[in-house]
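The values are calculated or read from the model by the stated rules, or taken from the named source; none is laboratory data. Quick caveat, the model's predicted, so the values are computed rather than measured. Reconstructed Cβ throughout: ideal geometry from the backbone, glycine too, with neighbour counts over all protein chains shown. The protein model used for the area step is the full one, side chains on, heavy atoms only, and it has no ligands, DNA or RNA in it. Shrake-Rupley method; radii C 1.70, N 1.55, O 1.52, S 1.80 Å.
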Amino acid sequence: MRRETELFVDSIVREDRSIIDFLNGDYTFVDERLARHYGIPNIYGGRFRRVRIEDPMRRGLLGQASVLAVTSYATRTSPVLRGKWILTNILGAPPPAPPPNTPPLKENADGGKPMSVRERLEEHRRNPACAGCHATMDPLGFALENFDAVGRWRSKGEDGARIDASGVLPDGVKVEGPTSLREALLGSPDQFASTLAEKLLTFALGRGLDYND
């Protein structure tokens, strides 16, 4: 998974492609094992090769298993982590740290009726201290909920119910799934460009940026 993303980023840099390809690239790099993970046919062997993406859900970084896995927990997805990742790395608007003594998200108990992640987060948001940040993060993360904790596509969640990937972003835009989320993000390309420039400059300088920069 990591190698796919390394090759994808490397191709954008070396070919001097548009940075929008990070969000909407219609190609990627897979070997047989990763192709099978994605459901891409006719790829054999351990050599990574460039392939065209036919499934619009898989375009760009948000469709890659590396990003989807690193923003999940070991046993389940996390709309919160995924939403925070998008805010921090795509939109350049990281949420504040959670307030002290914030209770963790309730996990499903053995033997009880399982609740979906959406239901548990709705319960979590009843705490006024949590509601503000979650209103920003959660809709972004829920749009990727059809991808499981290791980036496989699924139609049902851990509770057995059909995935609800809908949400309303803070600017009022309605999204439902990865494609509409990507279109919403592409609606503000300058914001992503500024975020990427800031990340690259931070890396180059080895420190955070201030107004002088």
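Worth pointing out:
- Within segment 163-213, being assigned to a loop (DSSP other than H, G, I, E, B), touching an Asp or Glu at 6+ places or on another chain (Cβ under 8 Å) and either touching a residue at least 40 places away in the same chain (Cβ under 8 Å) or small (G, A, S) (or both) holds for D164, A165.
- Residue check, R152 open to solvent by 60 Å² or more (accessible area, probe 1.4 Å), of a type in the set (K, R), at pLDDT below 95 and closer than 30 Å to A74 by Cβ: no
- Options A109, A129; residue that is more than 25 Å from V67 (Cα to Cα), among the small types (G, A, S), at pLDDT below 75 and part of a loop (DSSP other than H, G, I, E, B): A109
- Scanning segment 93-101 turns up no residue that is out of contact with any strand residue (DSSP E or B) (no Cβ under 8 Å at 6 or more places or on another chain), open to solvent by 40 Å² or more (accessible area, probe 1.4 Å), of a type outside the set (A, V, I, L, M, F, W, C) and under 19 Å from I12 (Cβ atoms).
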